[in-house]
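To start, the structure itself, in structure tokens.
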Amino acid sequence: MTDAATGNIGRAAADARRAEAEQTGPVMAADGRPLKQSLNRALRAQKLRALALIAPLLLFLLVTFVAPIFDMLFRSVENQITSETLPRTVVALEDWDAQDLPSQDTFAALAYDFMEAAERRIHTRLGSRLNYETTGISSTFRRSGRGIDDLGETQAEQFIDLNPQWEDPAAWVALMAAPDWIAAQADWAARADAADAADRPFDEAEPAFRLAGGIAATLPETADAYRSFATTIQQEDEDSPTAEEPWNTVYLALYRDLLRQPAATIAAYDGPQAALVQEAAGVAAGFEATDLPAFFIDMDDGWGDLKTWETIQTFSDPYTAGYFLAALDLQLTPQGIEMQPEEQQIYLMLFWRTIVLSLTIMGLCVLLGYPIAYLLSNLPMRTSNLLLILVLLPFWTSLLVRTSAWKVLLQQQGVINDTLVWLGLVADDARLALINNQVGTVIAMTHILLPFMILPLYSVMKTIPPSYVRAAKSLGATNSTAFWRVYFPQSVPGIGAGCILVFILSIGYYITPELVGGRTGIFISNRIAFHISDSLNWGLAAALGSILLILVLALYWLYDRLVGIDNVKLG
Amino acid sequence: MDHKLPPYATTGQRIWFYGFRVLCGLIFFFLMAPILTIIPLSFNAEDFFTFTPGMLAFEPEAYSLKHYVDFFTNPDWQQALRNSVLIAPMATLLAVSLGTLAAIGLSQSHVPFKGTIMAIMISPMIVPLIISAAGMYFFYSRVGLQGTYWGVVLAHAALGIPFVIITVTATLVGFDRSLTRAAASLGANPVTTFFRIQMPLILPGVISGGLFAFITSFDEVVVVIFVGSAGQQTLPWQMFTGLREQISPTILAVATILVVISILLLSVVEILRRRSERLRGMSPG
Amino acid sequence: MKLKNLMLMTTATALAAPAAMAQDMADSMTLVSWGGAYQTSQVRAYSDPYTAMNPDVEIVWDESSPEAVARLRAMEEAGNITWDLVDVVGADAIRLCDEGLAMEVDHDEILAPAPDGTSASDDFGDLIVSDCFIPQIVYSTTAAYRTGVEAWEGRTPESICAIFDTENFPGTRTLERRPINNMEWALLCDGVAMEDLYDVLETEEGIDRAFAMLDTIKEDTIWWSAAAEPPQLLADGEAVIGTSYNGRWFSAIEEQDQPIAMLWDAQVFDLDGWIIPEGLPEERLNRVLDFVSFATDTQRLADQAAYISYGPARASSAPLVGNHADLGIPMGPHMPTDPANSERTILFNYEWWADYRDDLDARFQAWLAR
């Protein structure tokens, strides 16, 4: 249908143009509109129709394939974890000069952040993240997570000794919560009780905690710490602030507020529980204080190490180049970008090895593929079609089947070594190591990729007319001159296409090196897989993947320029 | 070099001629050796991966079908086979239907951004599998597709699409437009023209594209390992586990069965190719 | 009271008095384990009897334990937990618990007491290394060698250091492709006393010393990543000495009759057990708790030892360990905990490895690739 229309329109358009050149007035189509307009409309409709046919697949690929790739690219720079886990600390560290340990205030910010993170059990995730940059942070975070809930206990006890009301969750709610939240919560509790009494299921969540309006002005840190406490227990444990005594860090915040806020501010406070607050304000100065840095360093020495703080500061941005640097054996330090210590450098070497081995495999494929393609293209059709099956059968055979076959063949007690020993070429106690090293990877992958070299070569060679070589010979060229000066140059496009195809496929290989590569024969892909499922450093896996992807896309672009993707032939 | 040695050839030419053939024979042997090795080994009566002395002496008792029996009775292998058979056809169906439509769209004469679109559609074949697998693992996890049947089917369909696009586009390039024009001028409406004229002609391309898509899914191991979970353990996955875990000759029996399937599919493609050429040969111009 | 605890309490009550109330329980369950002989032993000792008692429950096994932490993290990101009960090693349990991916449990509430009334937490004792961890077995990573190697001229390895002794015991070795255990053995064979291992390893010189020791066999070693590889390599004659889990060796030696012998010297004890993923819906949680309580009782843990040579984690199970289910041989002498086997053992230091794992792993992999 469409083709018929296309043809007609195409011809009509040509006629119209000719007609236009001859006449001066606008040519009218059968329906009385100007032909040009009508044609433009037809063209637009045709484009739309083509796009409508393409759109479903394009959408499908965008969702199932392109989006995942972009998601991975994003992951390689994403680093919100620091600012999400330690928001107050990150702000407090903004102006830190990295000369001495941070101030008491920064430690206080860390205390509030860490308490919430530990309750949400996300502190070790940040610990593992930062451990990629500085070893030991992971354990610092883990140990601190265990000790953090004791911080502020001294203050809590003193407040409670002063007035037992400080132990009462309801008293805290009265002080901290917005009046309308208190009402909504009471209403919710009544409904819960009613449901319980009637044995009805009740799965409505408690209204989300809201802070009273004025309290943040009077007791800023306390209000912040209490809100952190209330929302965390609501979300994490499905507990109610009305039933839970605040964390010790809330008492710590209260103590700090009472000491630091101007006396006039506290005295001016006339909201709920004003008497309780003012009573405490009067005596708080006499309370036993806690040295925050000392407390943290006591939990883990890491907090006394400037490097820990520098790492938090350096990796506090929501986006980081850290993973990409790590993927290139570099690291981001407060002093700038440096090489990784030598014993940890691995990725440049692996990229290099992947490229070298891929080039080797590509070269072997040319050496082995060229004679076969040449033979096939010079034999009569019937014979060459038969021989072509010998090329296509491996091509169509499962990759795993072929890899396992190579495992059988290449082992020390395998078929090849057995044969060599039987022939007396190799001593029984000096069998060749053909597997679990680079030799294994190269042999198996050359075999697997060889058809990808032969097929493009063959399709190019089939188009080289034999008369050229004959002409050269008749003009006196020797066989080798005729081949090298006449035949070979014409087959170069086939070599180019085959090489790029083999190289592209080779540098991304994973399965075969994994199974036969051993220690030295693995590729960068194996390392990517390792970071995804073993070390769980997904950011680094994504960065390594992105670099590999860029490499492949550059080659793909080159292939498209040289060969054209439309010219890829299969079988 | 010609395929026959001329009677006046010199000794040097003779050596070169036969030497070249021996060389090619060796390369063909290299290509076929792995396949030729595993077929006899799969009939090994023992649980070893190497030729036993009995096998080399062609003793009948050294051969057995027990690994084939194991494949057809072991629940793990049967489950893997079932999963493969459930996943591959569905992925193929998706790839073929979407791919054929798009290939027809791409073959029209005025397609905006044709190069870019083509590049995107071929990219699943070009992007290294480990990268596709990693991206899909993260992304499908986010949207809840990781570890589901549909997750694997969608992923495999995406991987199969380039093959459908390439084969169908190739048949459309050789497609003679005058046929549809003739049908139209003889009074056939566009739908009839499509199904009676165009479809039968591009069908060989569609089917061989479908076969490629099928084998891609049926043979794929990297993506399914990451995107799938136990419920989607396919044959190649089971083989991969087997190769790393218990190396049992059952893998070789499976391999042999797969080789036989490959030969069958290969014959189908070859027959289709010939049919396509014949049909095109019939068309005028 | 926390809702979760409340739920656990009610479940525990229900378990204590099964007839008291009918709980809503899911009728299918995905269990994650390691595959191979170990998973088979769990199927035969735990899940077969359980499905016999509850015929309408479908149990799906997933062999993804090696990737458990990665998978659970991905599932949590997606908010779609498809697993119900996951078999992990102690170190992974600690990691999952730290990250909030595994559920904290009260062992005495959800697990059955010993037949003599000892509470579950006392029965398991120190093996509860994390609040999320429900121990099943004690296993060990240990060495074994091929018997009758001609080049050894009748010498048999007596100590772990035979691995590093290429002069007396030439041939290919096979070791795990990670630093854990290998670093300890290297130092031990370099003359470091057992009790100083981790102190030495903590220093830069100590690490260099371990790598220098490993350097001596680097070229002679096939580095494995799946524990089933070493028995296969030794059986095929591809390697002559190597390390793997004691249960894998047992299976190769006793069940498949391969010419391999155990070398228990300096075996490294480790733990394996269940964790329940955080955030399961109530019905599925009820089903899992029901299963776990059954599968970790004294008798079931002892039953598992009839299929694989791993020591049951409960003290009360030890006297009940009998003969191998198929071979009929007594299993006691094949347990890593048997006094004859555990003359010299290394206790795997979870704390230490949790701190240094990432760093040493990066160094180890770089060393390996070079």
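The values are calculated or read from the model by the stated rules, or taken from the named source; none is laboratory data. Computed from a prediction, not measured in an experiment: that's the story for all the values here. Reconstructed Cβ throughout: ideal geometry from the backbone, glycine too, with neighbour counts over all protein chains shown.
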Going by what's in this entry, would A:Glu236 be described as assigned to a helix (DSSP H, G or I), within 14 Å of chain C (Cβ to nearest Cβ), among the acidic types (Asp, Glu) and over 12 Å from A:Trp172 (Cβ atoms)? yes
Does the stretch B:133-145 contain any residue that is under 20 Å from C:Trp83 (Cβ atoms), of a type in the set (A, V, I, L, M) and facing chain A (nearest Cβ under 7 Å)? yes
Of (1) in contact (Cβ under 8 Å) with a residue 60 or more places away in the chain; (2) of a type in the set (S, T, N, Q); (3) touching a Ser or Thr at 6+ places or on another chain (Cβ under 7 Å), A:Thr265 satisfies all except one. Which? (1)
Restricting the search to the stretch A:363-382, which residues are of a type in the set (A, V, I, L, M, F, W, C), within 10 Å of another protein chain (Cβ to nearest Cβ), over 19 Å from A:Tyr468 (Cα atoms) and in contact with a helix residue (DSSP H, G or I) (Cβ under 6 Å, 6 or more places away or on another chain)? A:Leu368, A:Ile372
Could you run through the stretch A:467-480 and say how many residues are surrounded by 13 or more Cβ atoms within 10 Å (Cβ to Cβ) and of a type outside the set (D, E, K, R)? 6
Tell me, yes or no, whether the stretch A:41-61 has at least one residue that is more than 9 Å from chain B (Cβ to nearest Cβ), outside any helix (DSSP H, G or I) and modelled with pLDDT under 85. no
Just one of the numbered conditions (1) touching a Phe, Trp or Tyr at 6+ places or on another chain (Cβ under 9 Å); (2) farther than 20 Å from C:Ala369 by Cα; (3) surrounded by 23 or more Cβ atoms within 10 Å (Cβ to Cβ); (4) not hydroxyl-bearing (Ser, Thr, Tyr) is not true of C:Leu188; which one? (1)
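Filter the stretch B:119-129 for residues that are assigned to a helix (DSSP H, G or I) and either more than 7 Å from every other protein chain (Cβ to nearest Cβ) or under 19 Å from the mean Cα position of the chain (by Cα) (or both); which is farthest from A:Ile500 (Cα to Cα)?
Kept after step one, since they are assigned to a helix (DSSP H, G or I), are these residues of the stretch B:119-129: B:119-126, B:129.
From what is left, the residues that are either more than 7 Å from every other protein chain (Cβ to nearest Cβ) or under 19 Å from the mean Cα position of the chain (by Cα) (or both) are B:121-126, B:129.
Values: B:Met121: 19, B:Ile122: 15, B:Ser123: 15, B:Pro124: 16, B:Met125: 13, B:Ile126: 11, B:Leu129: 17 Å.
The residue in question is B:Met121.
Have a look at A:Ala230, A:Ala217 and point out the one that is out of contact with any strand residue (DSSP E or B) (no Cβ under 7 Å at 6 or more places or on another chain), surrounded by fewer than 21 Cβ atoms within 10 Å (Cβ to Cβ) and either of a type in the set (A, V, I, L, M) or on the phi > 0 side of the Ramachandran plot (or both).
Details: A:Ala230 fails: surrounded by fewer than 21 Cβ atoms within 10 Å (Cβ to Cβ).
Going through A:Ala230, A:Ala217 in turn, the sole match is A:Ala217.
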Test for C:Ile275: is it among the β-branched types (Val, Ile, Thr), crowded, with 20+ Cβ neighbours inside 10 Å and at pLDDT 90 or above: yes
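I'd like the residue in the stretch B:146-156 that is facing another protein chain (nearest Cβ under 7 Å) and among the hydrophobic types (A, V, I, L, M, F, W, C) and, out of all such residues, is surrounded by the fewest Cβ atoms within 10 Å (Cβ to Cβ).
To start, the set of residues in the stretch B:146-156 that are facing another protein chain (nearest Cβ under 7 Å) comprises B:146-147, B:154-155.
Next cut, among the hydrophobic types (A, V, I, L, M, F, W, C) only: B:154-155.
Values: B:Leu154: 22, B:Ala155: 30.
So the residue we want is B:Leu154.
Being touching a residue at least 40 places away in the same chain (Cβ under 8 Å), over 21 Å from A:Arg121 (Cα atoms) and away from chain B (no Cβ under 14 Å) is true for just one of A:Leu73, A:Leu86, A:Leu93. Which residue is that?
Working: A:Leu73 fails: away from chain B (no Cβ under 14 Å); A:Leu86 fails: over 21 Å from A:Arg121 (Cα atoms).
Testing whether each residue is touching a residue at least 40 places away in the same chain (Cβ under 8 Å), over 21 Å from A:Arg121 (Cα atoms) and away from chain B (no Cβ under 14 Å) leaves just A:Leu93.
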Looking at A:Leu350, A:Leu306, can you tell me which residue is buried (at least 21 other Cβ atoms within 10 Å of the Cβ) and either of a type outside the set (Phe, Trp, Tyr) or at pLDDT below 90 (or both)? A:Leu350
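Test B:Phe226 against the criterion of being closer than 28 Å to A:Trp396 by Cβ, of a type in the set (Phe, Trp, Tyr) and either touching a Lys or Arg at 6+ places or on another chain (Cβ under 6 Å) or surrounded by 23 or more Cβ atoms within 10 Å (Cβ to Cβ) (or both), and give yes or no.
Values: closer than 28 Å to A:Trp396 by Cβ: yes; of a type in the set (Phe, Trp, Tyr): yes; either touching a Lys or Arg at 6+ places or on another chain (Cβ under 6 Å) or surrounded by 23 or more Cβ atoms within 10 Å (Cβ to Cβ) (or both): yes.
Yes.
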Taking the stretch B:50-105 as the region of interest, how many residues are of a type in the set (Gly, Ala, Ser) and free of Cβ contacts under 8 Å to residues at least 60 places away in the same chain? 6
Could you please find all residues in the stretch B:96-118 being closer than 18 Å to A:Ala67 by Cβ, over 21 Å from the mean Cα position of the chain (by Cα) and at the interface with chain A (Cβ under 8 Å from one of its Cβ atoms)? B:Ile117
Please give the number of the condition A:Leu130 fails out of (1) surrounded by fewer than 21 Cβ atoms within 10 Å (Cβ to Cβ); (2) touching a residue at least 12 places away in the same chain (Cβ under 8 Å). (1)
Report those helices (runs of 4 or more DSSP H) wholly inside the stretch A:387-490 carrying at least 3 residues which are more than 9 Å from chain B (Cβ to nearest Cβ) and touching a residue at least 60 places away in the same chain (Cβ under 8 Å). A:438-461
Only residues that are crowded, with 22+ Cβ neighbours inside 10 Å and at pLDDT below 90: list them for the stretch C:98-120, please. C:Asp98
For C:Pro55, work out the one condition from (1) modelled with pLDDT of 90 or more; (2) touching an Asp or Glu at 6+ places or on another chain (Cβ under 8 Å); (3) not in a helix (DSSP H, G or I) it doesn't fulfil. (2)
Out of curiosity, is C:Ala239 touching a Phe, Trp or Tyr at 6+ places or on another chain (Cβ under 7 Å), in the same structural domain as C:Leu360 (by TED's automatic domain parsing) and assigned to a loop (DSSP other than H, G, I, E, B)? no
Filtering helices (runs of 4 or more DSSP H) wholly in the stretch A:111-165 for at least 1 residues that are modelled with pLDDT under 95, within 14 Å of another protein chain (Cβ to nearest Cβ) and under 21 Å from A:Glu310 (Cα atoms) gives A:123-131, A:137-147
Residue ranges of helices (runs of 4 or more DSSP H) in the stretch B:1-76 with at least 3 members farther than 30 Å from C:Asp62 by Cβ and of a type in the set (Val, Ile, Thr): B:11-41
A careful count of residues in the stretch C:324-342 that are surrounded by fewer than 17 Cβ atoms within 10 Å (Cβ to Cβ) and either within 14 Å of chain A (Cβ to nearest Cβ) or more than 27 Å from C:Ser121 (Cα to Cα) (or both) gives 7
Just a yes or no: is a residue in the stretch B:174-193 more than 10 Å from chain A (Cβ to nearest Cβ), surrounded by 24 or more Cβ atoms within 10 Å (Cβ to Cβ) and not aliphatic (A, V, I, L, M)? no
Output for the stretch B:223-235, where each listed residue is within 14 Å of chain C (Cβ to nearest Cβ) and assigned to a helix (DSSP H, G or I): B:Val224, B:Ile225, B:Phe226, B:Val227, B:Ala230, B:Gly231, B:Gln232
Filter the stretch C:217-236 for residues that are facing chain B (nearest Cβ under 10 Å), modelled with pLDDT of 85 or more and not in a helix (DSSP H, G or I) and give the result. C:Trp224
